[in-house]
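The values are calculated or read from the model by the stated rules, or taken from the named source; none is laboratory data. Because the structure is predicted, anything quoted here is derived from the model rather than measured. A quick note on method: Cβ atoms are made from the backbone with ideal geometry, for glycine too, and the neighbour counts reach across all protein chains shown. Each accessible area value is taken on the protein alone, full model and side chains, heavy atoms only, with ligands, DNA and RNA left out. Shrake-Rupley method; radii C 1.70, N 1.55, O 1.52, S 1.80 Å.
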Amino acid sequence: MKKYFPEEYNFMPKEYIIPEELEDLEKYIKEHPANWMIAKPSRGRGGDGIFLFKGQFNPPFGQTEFVVQKYISKPLLVEKKKFDIRLYVLIKRLDPLE
């Protein structure tokens, strides 16, 4: 969605899908060497395999697919806890227009 509606989705940090966008990530790191980044493995769950880095992306051996974002040091909290919003939709009936 951010790709098609950049103005509406500018509240999220830029993300890089690795390995596809590795060159873009390396360019960003060179331009912003002081920024901490967070790497999340695409097949992780419950926080497994997440790591922070600054200056150079060196993934652990055996892992090749990540989502990498600029780390937000002071995120929005609700009752002193991080959160995410998930929306589930059930479509009970679909009547296509003729």
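Being at pLDDT 90 or above and either charged (D, E, K, R) or over 14 Å from the mean Cα position of the chain (by Cα) (or both) is the requirement here; does Lys70 meet it? So Lys70 passes the test. Residues in region 8-30 that are open to solvent by less than 70 Å² (accessible area, probe 1.4 Å) and among the polar types (S, T, N, Q): none.
Among the residues of region 55-84, which ones are of a type in the set (D, E, K, R), open to solvent by less than 100 Å² (accessible area, probe 1.4 Å) and farther than 20 Å from Asn10 by Cα?
The one that is of a type in the set (D, E, K, R), open to solvent by less than 100 Å² (accessible area, probe 1.4 Å) and farther than 20 Å from Asn10 by Cα: Glu65.
If the condition is being hydrophobic (A, V, I, L, M, F, W, C) and under 27 Å from Phe83 (Cβ atoms), then region 1-46 contributes Met1, Phe5, Phe11, Met12, Ile17, Ile18, Leu25, Trp36, Met37, Ile38, Ala39.
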